[in-house]
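Structure first, commentary second.
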Amino acid sequence: MALQRRTSRRTFLAGTAAAAALLPMPAIAEPRAVKFTLAWLAQGNSVYVFVARAKGIMKARGIDFDIARGFGSMASAQAIAGGQFDFGLVAAPSLILSVAKGLPLIALSTCDYDSTMGVGVLDDSPILKSQDLAGKKVASVPTSGEFPFFPAYAEKVGLDAKSIEFVHVDNKVLERVLIEKQVDAITSFALGSGSVLLSKGVPNRWMLYSTAGIRNDGQTIATQRKTLESDPALCEAVADGLLEALAYTLNNPQDSLELFRREVPEMALNPSSGELARIGLGLWQHGIDRPEAHEHGLGWSDPAGYAETTDLIMHYLMEPGAKRPDTDAIFTNRFAGKIRLTEADWTGVRQRVAEFDKLLG
């Protein structure tokens, strides 16, 4: 299919001085249907994906954008690799693990820099630091993405993991056993479990793996490597469109949430879904406000960070002797950094997410 470029236009970032930047916008000559999978349900951390469709950002690039829910990042990665979807969101650790296992995937952009893996406690818990977990009862979902990295976290903070009584539970009851104080803490993603607890009016706090020096970037825009090789213009159009929507969402969270509600009408069936989305959006924004995005622009992937996470995955999740994937086989910065927020924009983001600072301490 023939591809063409439109003349440069002003990138639409309402409410930000970055709107003055002229960026080339890849457009497709004939409408192109693109199947896109989320990593999980439609939640606050995926608002920008729906903004990309609702504001016509993808349509302007010649893309008919179909969005489907996901069933976890590993399942998302497998579905993209298997051709069920053209693109999708995959958490960076899951993407690296998938590539290490031989799936032909690559990340076109990194959309946030902390997947919020960690240990959560109720706000009134006497557990104030990582070492206080010794001798405590901790609930975990063994198949969850953060669980295999707990030994690395324990080692970093000087905690004897064997001193903890782990309770394996289903993900449907993880938050409930903490609310009912059947356990002292849980391991999970603050972005998910923390949001659920707060939306139920249950204050909570998290000790993030990242604060112990364990790099675990969040969402990536992933596709098959052969798609990047055979159709780079389509990859550029999808990545640019999502990053433009991401920038809009950062600067216009209330409008973005309203667009999200229109795009996901089933939210009306759950009275707490609006608050859940608002909290999730705030926690996700918290993970974008990082030097990587400030210094290099939206979507940029840090080679050093990916290398560190790859080392952890090879040590804790792969069989001895497994081949370590090269960093340039995991991601590309080819389409990153075109869209930048001003320092005033970042100040606004920081002010809006300040309410979550205590939760993510």
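Compared with the dominant Cα axis of the chain, that is its longest principal axis, helix 232-251 is turned about 60°.
How high is the FRET efficiency from E180 to A304, r the C-beta distance, R0 41 Å, rounded to 0.05? Once the sixth-power term is evaluated, E becomes 0.50.
In segment 53-120, with Lys and Arg counted as +1 and Asp and Glu as -1 at Cβ, which of these residues, A92, C111, F65, has the Cα nearest the positive end of the dipole, that is, farthest along it? The residue sitting most towards the positive pole is F65. Our coupling estimate for segment 77-94, obtained by passing each phi through the Karplus curve with A = 6.51, B = -1.76, C = 1.60 and θ = phi - 60°, is 4, 5, 5, 5, 5, x, x, 5, 9, 7, 9, x, 8, 9, 4, 3, x, 5 Hz, Gly and Pro reported as x.
Entry note, segment 111-192: relative contact order of 49 percent, from Cα contacts under 8 Å with a spacing of 6+ residues. In this structure, the amide hydrogen of D112, modeled 1.01 Å from its nitrogen in the peptide plane, lies closer than 5 angstrom to those of G218, Q219, counting only residues at least 5 positions away or on a different chain.
In a simple Cβ point-charge model (Lys, Arg +1; Asp, Glu -1; nothing else charged), segment 126-254 has a dipole of about 540 debye relative to its Cα centre.
Per residue, the average separation of C-alpha pairs within less than 8 Å and at least 6 apart gives the chain a relative contact order of 25 percent. The share of accessible area on the chain that comes from carbon and sulfur is 53 percent, using a 1.4 angstrom probe. For the peptides 83-95, 219-231, residues were scored by their other Cβ atoms within 10 Å and the scores averaged per peptide; the highest-first order is 83-95, 219-231.
FRET efficiency for the R69 to D357 pair, using the beta carbon distance and R₀ = 30 Å, is estimated at 0.50. Put simply, the amide H of L105, placed in the peptide plane, has neighbours under 5 Å in R225, leaving out anything fewer than 5 places away on its chain. For segment 268-329, a crude dipole built from +1 on the beta carbon of Lys and Arg and -1 on the beta carbon of Asp and Glu, taken about the Cα centre, is about 240 debye to the nearest 20. The calculated FRET efficiency for R334 paired with D124, based on their beta-carbon distance and R0 = 45 Å, is about 0.40. The angle separating the long axis of helix 343-353 from the principal Cα axis of greatest extent in the chain is about 40 degrees.
Extension gain, Y316-H168: 0.36 nm per intervening residue step, less the Cα-Cα distance, totals 51.4 nm.
Heavy-atom accessible surface of the chain, averaged per residue, reaches 42 Å², computed with a 1.4 Å probe. Overall, the chain carries a charge dipole of about 660 debye about its Cα centre when +1 sits on the Cβ of Lys and Arg and -1 on the Cβ of Asp and Glu, all other atoms neutral.
The values are calculated or read from the model by the stated rules, or taken from the named source; none is laboratory data. Keep in mind that this is a model prediction, so the values were computed, not measured. Positions of Cβ are generated from backbone atoms using ideal geometry, with glycine treated the same way; all protein chains shown enter the neighbour counts. Just the protein is used for accessible areas: all its heavy atoms, side chains included, with ligands, DNA and RNA removed. Shrake-Rupley method; radii C 1.70, N 1.55, O 1.52, S 1.80 Å.
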